[in-house]
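The values are calculated or read from the model by the stated rules, or taken from the named source; none is laboratory data. As the structure is a prediction and not an experimental result, all values here were calculated from the model. Cβ placement follows ideal geometry from the backbone for every residue including glycine, while neighbour counts extend to all protein chains displayed. The area values use the complete protein model at the heavy-atom level, side chains included, leaving out ligands, DNA and RNA. Shrake-Rupley method; radii C 1.70, N 1.55, O 1.52, S 1.80 Å.
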Amino acid sequence: AQDVNSFDHIPASSWYTPRLGYRSVTPEELAKGPEDIGQPQLPVRVVRAKHLGSNPGFIIADKRDRLYLVKFDPPDFPGVETTTAQIVNRLFWGFGYNVPEDYLFKFTSADMSVDSTANIDLESVLLVFNAVAPPVNGIYRATASLLIDGIYLGPIADSGVRKDDPIDKIPHENRRILRALRGFGAFTNQTDIRIDNSLDVYQGEVGEGFVRHYLLDFGEALGGHGASHKRLWDGVKHIFSFKQMSGNFLTLGLKKEPWEDLSFTRWKSVGAFESDVFDPGEWKETYPFKPIRSALPEDNYWAAKVVAALTREHFQILADEAEYPEVGAADYFVQALVKRQAKVVDYFYHAVSPLEFVLMRADTLRLEDLGIRDIPHVDSGSYQVSWRNADNNEVLESVEVVNSKKFVDIPIPATAVQAANGYLQVHVRVVRNGVPAPRAAQIHLRKSAGGSLRVVGVAH
């Protein structure tokens with residue numbers, strides 16, 4: 001990826017703000033997420049209605065004249081979108097993305113009128129109400145998404161750059177912040193990742209502002225997309241695949257897929273969201289998204305580190321704020337997310353050597369083994385260490401280090417530093433149960449003018 005720094009992190013930018021995994025984010029802060037203006041203040045006025053196609057809804061103005069996009073649950077799965085939209089919006093805010101302010105919004109028909117300047121009538125409003133989940137005791141559930149301020153430039157392309165944005169110089173398929181949607185999408189089952197659910201917005205005075213990049217529309221993550229489209233395979237395969245079609249042809253369609261044993265849960269507000277069959281290695285978005293298809297092990301590992309920073313307390317407060325309408329649904333959701341988190345971390349950590357630089361003291365390099373820290377069944381490891389000449393990758397010395405703690409101390413031989421002319425690569429490969437990781441972590445060391453060693457680069 002080309003948007004990472006020398007320590008293999010994504011720096012803050014108009015694409016990304018470091019949060020989970022980089023600082024403490026309390027459950028309460030995560031539940032608040034991007035909140036600034038707040039949810040709509042009643043009464044509200046409809047200024048536009050969308051009653052055709054999927055996801056009918058309104059554009060409304062509240063009593064402060066703030067504009068919101070309002071969307072509803074599908075009639076067959078009440079609660080599935082209104083819970084999901086808020087939860088996944090907050091999760092992606094925690095992951096560091098720019099997202100709009102999304103809220104669970106409850107109102108009665110008496111709280112809503114048609115704006116006098118709107119080019120719609122009451123009949124159009126009723127068409128929307130007739131196409132969505134009905135109210136309970138006269139109260140409608142909806143998702144209200146505050147419209148983003150700025151000049152709308154259109155969606156984020158999944159490849160290339162914005163030609164009208166002079167600071168967008170990295171092809172989007174080479175940005176880790178977009179490739180990481182592979183891991184985040186698998187965790188939340190956000191299968192509806194596509195350019196239509198993104199938006200580039202010019203913010204600030206013309207000539208003095210910049211383009212900020214947003215992700216939108218999270219209501220069909222978790223079990224929402226599969227429920228609304230009646231697709232139990234949602235998250236397992238693309239909507240169309242030559243590979244899948246060829247496989248079905250060769251086996252006459254007789255091969256049984258794991259997802260064929262799935263069924264919708266007993267909670268309409270959960271849909272088919274599950275954690276038992278879920279396999280992070282097999283997860284797929286519905287429509288192929290080029291950055292996800294370009295993701296490398298180090299990109300997925302970065303996403304998994306961020307996911308690992310979440311706790312059950314984070315999941316519980318998000319479930320509470322979403323107000324699942326069915327008894328037991330919130331508990332099921334929390335438990336499913338805990339299991340999916342464990343699978344994502346375990347799978348993507350094992351594709352690399354999950355070692356992070358901690359400090360350099362004299363001639364000793366200290367690393368942290370995130371596998372021991374974040375995976376419950378991993379309690380020890382050994383490490384194949386080699387010191388290499390940075391110029392030609394020649395192995396100068398090697399040793400195996402055995403360790404049972406999450407911090408690993410690697411001594412740096414003075415002879416290796418001298419042989420490498422002061423610029424040394426340290427390759428450290430994790431070995432679990434006698435099986436070496438597919439790749440080593442690389443730590444680059446340079447000898448300063450004063451003679452001390454300092455870390456100048458990390459790669460996974």
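List of remarks:
- Test: residue in the range 326-349 that is at pLDDT 95 or above, part of a loop (DSSP other than H, G, I, E, B) and either under 18 Å from the mean Cα position of the chain (by Cα) or surrounded by 18 or more Cβ atoms within 10 Å (Cβ to Cβ) (or both): no
- The number of residues in the range 133-159 being among the hydrophobic types (A, V, I, L, M, F, W, C), within 21 Å of D62 (Cα to Cα) and open to solvent by less than 40 Å² (accessible area, probe 1.4 Å) comes to 4.
- In the range 309-319, residue most open to solvent (accessible area, probe 1.4 Å) [restricted to those that are assigned to a helix (DSSP H, G or I) and under 12 Å from L91 (Cα atoms)]: I317
- When residues in the range 160-203 are screened for being open to solvent by 60 Å² or more (accessible area, probe 1.4 Å) and touching a residue at least 12 places away in the same chain (Cβ under 8 Å), 4 of them pass.
- For the range 121-142, the criterion of being under 27 Å from the mean Cα position of the chain (by Cα), closer than 27 Å to N89 by Cβ and in contact (Cβ under 8 Å) with a residue 40 or more places away in the chain is met by at least one residue.
- Looking only at the range 203-236, and only at residues there that are in a loop (DSSP other than H, G, I, E, B) and of a type in the set (F, W, Y), the one that is nearest to I167 (Cα to Cα): F218
- Residue within the range 27-49 that is in contact with an Asp or Glu (Cβ under 6 Å, 6 or more places away or on another chain) and among the polar types (S, T, N, Q) present: yes
- The single residue among I443, I410 that is in contact with a strand residue (DSSP E or B) (Cβ under 6 Å, 6 or more places away or on another chain), surrounded by 14 or more Cβ atoms within 10 Å (Cβ to Cβ) and at pLDDT 95 or above turns out to be I443.
- In the range 5-36, the residues that are open to solvent by 50 Å² or more (accessible area, probe 1.4 Å) and of a type in the set (A, V, I, L, M): A12
- Set S353, S382: member being part of a strand (DSSP E or B) and in contact (Cβ under 8 Å) with a residue 12 or more places away in the chain: S382
- Any hit, the range 281-302, residues being open to solvent by 50 Å² or more (accessible area, probe 1.4 Å) and touching a Pro at 6+ places or on another chain (Cβ under 9 Å): yes
- Within the range 406-441, the residues that satisfy the criterion of being out of contact with any Asp or Glu (no Cβ under 9 Å at 6 or more places or on another chain), part of a strand (DSSP E or B) and closer than 15 Å to L365 by Cβ are D409, I410, L424, Q425, V426, H427, V428, R429.
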